[in-house]
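**Student:** Just passing along the structure, written as structure tokens.
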Amino acid sequence: MINLKVQSDEGIVIVEPAGSLEAADFEKLAKEIDAFSADKGHLRGLIIHTKSFPGWHDFRAFLDHMNFAKKHHKQIQRVAIVTDSKLGEIGPSIANLFLSAELKHFPFDGFAEARRWIQEAV
């Protein structure tokens, strides 16, 4: 399950996982991003804020996550991964090879810094 906050005036979506990620989470996120994009164009950024990576509920959720990234990475300028998880440290290096959105890792307590980085996006 994820908590989702859309800050349309800034063009930012904040995602805070509250448990293992499920397929429905990516459907919910896709609907929000698609609605924002239809109304205002691309998102300035997506902030993923979690102390540690919660993992996926099942393999379907993992596949839906990959499908979400494939379909939506061109609608988002920057993705800030704000976590103390080791995955947060290596994930952006790998994802930047495949996605057009720019990804950057910040420590969990670096939320304000991550938000500033997102706000700097053109």
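**Student:** Restricting to strands (runs of 3 or more DSSP E) lying wholly in segment 1-54: which have 3 or more residues that are open to solvent by less than 50 Å² (accessible area, probe 1.4 Å) and in contact (Cβ under 8 Å) with a residue 60 or more places away in the chain?
**Tutor:** On the way: elements: 2-7, 12-17, 43-49.
Those strands (runs of 3 or more DSSP E) span 43-49.
**Student:** Ok, one more. Considering only segment 68-122, how many residues are at pLDDT 90 or above and surrounded by fewer than 13 Cβ atoms within 10 Å (Cβ to Cβ)?
**Tutor:** Of the residues in that region, 4 qualify.
**Student:** Collect the residues in segment 1-35 that are small (Gly, Ala, Ser) and under 12 Å from the mean Cα position of the chain (by Cα), keeping them in residue-number order. Explain how you work it out, then say what you get.
**Tutor:** Looking only at segment 1-35, we keep the residues that are small (Gly, Ala, Ser), and these are 8, 11, 18-20, 23-24, 30, 35.
Once the filter is applied, which keeps residues that are small (Gly, Ala, Ser) and under 12 Å from the mean Cα position of the chain (by Cα), segment 1-35 yields only 30.
**Student:** Out of segment 15-51, which residues are among the polar types (S, T, N, Q) and modelled with pLDDT of 90 or more?
**Tutor:** Step one: of segment 15-51, the residues among the polar types (S, T, N, Q) are 20, 37, 50.
Once the filter is applied, which keeps residues that are among the polar types (S, T, N, Q) and modelled with pLDDT of 90 or more, segment 15-51 yields 20, 50.
**Student:** How many of the residues making up segment 56-83 are in a strand (DSSP E or B), without any contact (Cβ under 8 Å) to a residue 40 or more places away in the chain and closer than 15 Å to residue 11 by Cα? Walk me through it before giving the result.
**Tutor:** Our first condition is that a residue be in a strand (DSSP E or B); within segment 56-83, this holds for 56, 76-82.
This time we only want the ones that are without any contact (Cβ under 8 Å) to a residue 40 or more places away in the chain, so: 56, 79-82.
Then keep just the ones that are closer than 15 Å to residue 11 by Cα; that gives 79-80.
Counting residues in segment 56-83 that are in a strand (DSSP E or B), without any contact (Cβ under 8 Å) to a residue 40 or more places away in the chain and closer than 15 Å to residue 11 by Cα gives 2.
The values are calculated or read from the model by the stated rules, or taken from the named source; none is laboratory data. Just so it is clear, the model here is predicted, and its values are computed rather than measured. Ideal geometry is used to build each Cβ from the backbone, glycine not excepted, and the neighbour counts take in all protein chains shown. Surface areas here come from the heavy atoms of the whole protein model, side chains and all, with no ligands, DNA or RNA. Shrake-Rupley method; radii C 1.70, N 1.55, O 1.52, S 1.80 Å.
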